[in-house]
Each structure stands twice: as structure tokens, then as C-alpha cells.
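Every read-out reported here was derived from the displayed coordinates using simple, explicitly stated rules and does not represent laboratory data. Quick caveat, the model's predicted, so the values are computed rather than measured. Glycine gets a Cβ as well: all are built from the backbone with ideal geometry, and neighbour counts include every protein chain shown.
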Ligand SMILES: Nc1ncnc2c1ncn2[C@@H]1O[C@H](COP(=O)(O)OP(=O)(O)OP(=O)(O)O)[C@@H](O)[C@H]1O
Ligand SMILES: [Mg+2]
């Protein structure tokens, strides 16, 4: 548990986030959404998680307003670092592998089924988490492209239902309090 809280007035929030990282080290899966008004300190809290989770693999994405029309741009940001080992993709069931490849422009879009992409993302993150505890951080979720927001919400909802010790990914997303139905 943290003894030094670098963020002024955020002891409670930091303790919750410490608990999240501790749970991940214990092999548990967690998902957490941080909500707050613009400028209130959401990104600072994600930076805090990244720092506390320094022994984990940390993968990070941020919604970008100008990329909201680019389908799966946000998911690609989050997953691209996990594609450094192609066998993680190769181990996915064929339709899921094809779906994710299509989502990331690695093959034709004929098999671009959002459910398959969601399953593939879940299994890709799980495969990476089997090797090393994994923390996924998504900032400015209100600006994610819709497809990525749906897939990441799909993944986050399923994380807590995964049996142990098959996977232990943790997802934390921050969004400003503007409309964003998926999160
Ligand atoms: N607890 C804190 N104590 C002191 N300064 C803080 C704290 N939290 C955030 N800040 C500072 O406040 C500013 C805004 O924080 P931050 O960017 O994290 O807000 P945000 O909620 O992510 O904003 P946005 O909604 O625009 O993304 C930054 O300069 C950050 O360093
Ligand atoms: Mg921010």
C-alpha cells in the first residue's frame, strides 16, 4: 500500500488505485472508470497508476477528438504494443485472429465483425497478461472512436468474470463527464 501520495487531496483515489494494482499482482482482473470534470486530475491519476504499476506491462491509449471517425484507432493504440509477438495473434481462434487483423488493417475488411474483434481483444490482452501482469490505461475515453469504445467496454465488463489464474489484466479508463454512453 502506498505511503507517499504525490497528488494533493487524492489520498482516497490513490488508495483505490493502489488496491487495483495490488489485485493485479495477486492474479485478479479489475476494471475501473475514472470520471470527472475537465481539468480535475484524471490524467494525473492514470499517470499515478502507471508509476505504481511499473513492474507490470503497462499499455496506454488516449482518445483523440480528430481520430473519432477512424474505426479502431483507439483499440489499435492500446493493442499495438502487444503485437510485438505475433504468436499472441496466431494463438487466437481463426475468426478472431482474422477479425483483429482486419480491424488493424493487416488484412481485408471482409471479416470485420465487432463481436469477434471484442473476443479477440479480450483474448489478446489475456494472453499478454498470462506472461506478465498487464495494466491497460485509456485516457479521454469520451474521444475514442465508437468501435474502440464498444470493444473496450465489452472487454472491461468481462475482465472481472475471468477465472483465476488464467488471466489478470486490469483496465483503467478516464473520461470527462461529457456524454459517452459506452463508458
Ligand atoms: N491532485 C493534484 N494536485 C495538484 N495538481 C494536480 C492534481 N491533479 C492534477 N493536477 C494538475 O492539474 C492539471 C490538470 O490535471 P489533469 O490533466 O490530470 O486533468 P484531467 O482531468 O485529465 O483534464 P482533462 O479533462 O482536460 O483531460 C495538471 O497540470 C496536473 O498536473
Ligand atoms: Mg486528461
Measure off 7 Å from each Cα along the Cα-to-Cβ vector at residue 146 and residue 107, then give the distance between these two points in nanometres to one decimal.
2.6
Acute angle (nearest 10 degrees) that the helix 11-25 long axis makes with the longest principal axis of the chain, alpha-carbon atoms:
40
Taking all pairs of distinct Cα atoms, average 1/r, flip it, and tell me the Kirkwood hydrodynamic radius of region 30-176 in Å to one decimal place.
15.3
Would you calculate the separation in nanometres between label points at residue 90 and residue 32, each defined as 7 Å from the Cα along the Cα-to-beta-carbon direction?
3.7
Which value in deg cm²/dmol, rounded to the nearest 500, describes the helix-derived mean residue ellipticity at 222 nm for the chain, given -39,500 (n - 2.57) per DSSP H run of n ≥ 4 and division by the residue count?
-13500 deg cm²/dmol
So between residue 70 and residue 114, what do we pick up on full extension, going 0.36 nm a residue minus the alpha carbon distance?
14.4 nm
By how many degrees, 0 to 90 and rounded to 10, does the Cα axis of helix 146-159 deviate from the longest principal axis of the chain?
70
Full-extension gain in nm, residue 47 to residue 130, via 0.36 nm per residue minus C-alpha separation:
27.5 nm
What number, in percent, do you get for the relative contact order of the chain if the mean sequence gap of Cα pairs under 8 Å and at least 6 apart is divided by its residue count?
34
For residue 54 and residue 10 in the same chain, what is the full-extension length gain: residue separation times 0.36 nm, less their Cα-Cα distance, in nm?
13.9 nm
